1. Can you tell me which residue among GLU126, GLU134 is exposed (fewer than 15 other Cβ atoms within 10 Å of the Cβ), within 16 Å of the ligand (Cβ to nearest atom) and at pLDDT 95 or above?
2. What pairs can you find where one residue is in the range 153-165 and assigned to a strand (DSSP E or B), the other is of a type in the set (A, V, I, L, M), and their Cβ atoms are less than 6 Å apart, with a gap of 6+ or different chains?
3. Quick one: in the range 32-54, which of the residues that are more than 16 Å from the ligand (Cβ to nearest atom) and in a helix (DSSP H, G or I) is nearest to LYS130 (Cα to Cα)?
4. Output the residue which, of all residues in the range 55-67 that are closer than 30 Å to THR135 by Cα and part of a loop (DSSP other than H, G, I, E, B), is nearest to the ligand (Cβ to nearest atom).
5. Please work out which residue is farthest from the chain's Cα centre (by Cα), limiting yourself to the range 2-31 and to residues that are outside any loop (DSSP other than H, G, I, E, B) and within 21 Å of ALA87 (Cα to Cα).
6. For the range 161-189, give me the residue count where each residue is under 17 Å from the mean Cα position of the chain (by Cα) and hydroxyl-bearing (Ser, Thr, Tyr).
7. Just need a number here: residues in the range 138-177 that are within 14 Å of the ligand (Cβ to nearest atom) and among the hydrophobic types (A, V, I, L, M, F, W, C).
8. In the set LYS142, LYS119, LYS114, which member is without any contact (Cβ under 8 Å) to a residue 12 or more places away in the chain and either open to solvent by 30 Å² or more (accessible area, probe 1.4 Å) or assigned to a strand (DSSP E or B) (or both)?
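The values are calculated or read from the model by the stated rules, or taken from the named source; none is laboratory data. As the structure is a computational prediction, the values presented were derived from the model and not from experiment. Here the Cβ is made from the backbone with ideal geometry for all residues, glycine too, and neighbour counts use every protein chain on show. Side chains are part of the model used for accessible areas, which takes the heavy atoms of the whole protein and leaves out ligands, DNA and RNA. Shrake-Rupley method; radii C 1.70, N 1.55, O 1.52, S 1.80 Å.
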Amino acid sequence: MKNDNISFHGGKVSRSERYSVLGQKGIAVWMTGLSASGKSTIAVETEKVLVSMGKAVYRLDGDNLRHGLNSDLGFSEEDRFENIRRAAEVCSLFVDAGLIVLASFISPLASMRKLAREKIGDGFIEVYVKADPETCEKRDPKGLYKKARAGEITDFTGVTAPYEVPLSPDLVLDTEKYSIDQCVRILVDKILQLSALRQRNGLYRYERHKFRQE
Ligand code: ADP
């Protein structure tokens with residue numbers, strides 16, 4: 001419940017100062033796609049490559065968050081929205097901190113992705129990890145499609161719950177057409193472009209200078 005007696009307590013360090021310290025902009029790479037489309041696999045490999053380049057990265061995985069922060073939530077539409085709302089809040093904090101966040105959430109409805117985009121704002125990109133439902137069902141690395149077909153899992157995206165294909169994603173990774181390595185390379189390139197600080201002029205340099213003087 002909302003408490004009217006709580007106000008926002010600002011600090012003395014700006015977002016750009018944090019970005020200067022890390023040498024990168026915080027961004028949220030929101031990966032949406034069917035179960036088994038390849039979101040987690042690509043996120044894990046992308047994280048490894050970026051960290052080897054000295055980037056500060058953090059992976060937020062839908063399944064992993066459901067063990068902790070979102071462990072009280074199920075898969076009804078209401079719970080799925082709450083799952084995404086909380087994930088987007090966390091993403092937004094990490095972007096503010098300066099991290100490159102690799103967020104893998106099925107986020108099946110366009111309205112859920114819109115919620116995340118609006119919550120995170122600048123630095124959000126929607127990446128559609130694309131694979132046909134039949135391919136995902138054939139891959140089925142966790143046996144979830146099999147369970148869904150057997151009626152052991154209800155509200156399973158692509159089987160008994162809808163997935164709305166993104167209409168204007170910022171990037172599409174077609175995991176049927178491209179190998180894991182190729183997808184990772186495409187994604188890493190995009191991330192390096194978007195997280196790069198402006199060089200030597202503009203706000204970042206000015207604020208770094210101010211920061212050093214204090
Ligand atoms: P998700 O996180 O979307 O549920 P996973 O990453 O857990 O999907 O599973 C994707 C499966 O598809 C893995 O078994 C992976 O090895 C396989 N796969 C095959 N080709 C690709 C590709 N190009 N990109 C990502 N995964 C792929």
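1. Being exposed (fewer than 15 other Cβ atoms within 10 Å of the Cβ), within 16 Å of the ligand (Cβ to nearest atom) and at pLDDT 95 or above holds for just one of GLU126, GLU134, which is GLU134.
2. The qualifying pairs are THR157/ILE106.
3. Filtering first and then ranking leaves LEU50.
4. ARG66
5. Step by step, filter the range 2-31, then rank; the result is ARG15.
6. Qualifying residue count for the region: 1.
7. Of the residues in the range 138-177, 8 are within 14 Å of the ligand (Cβ to nearest atom) and among the hydrophobic types (A, V, I, L, M, F, W, C).
8. From the options LYS142, LYS119, LYS114, the qualifying one is LYS114.
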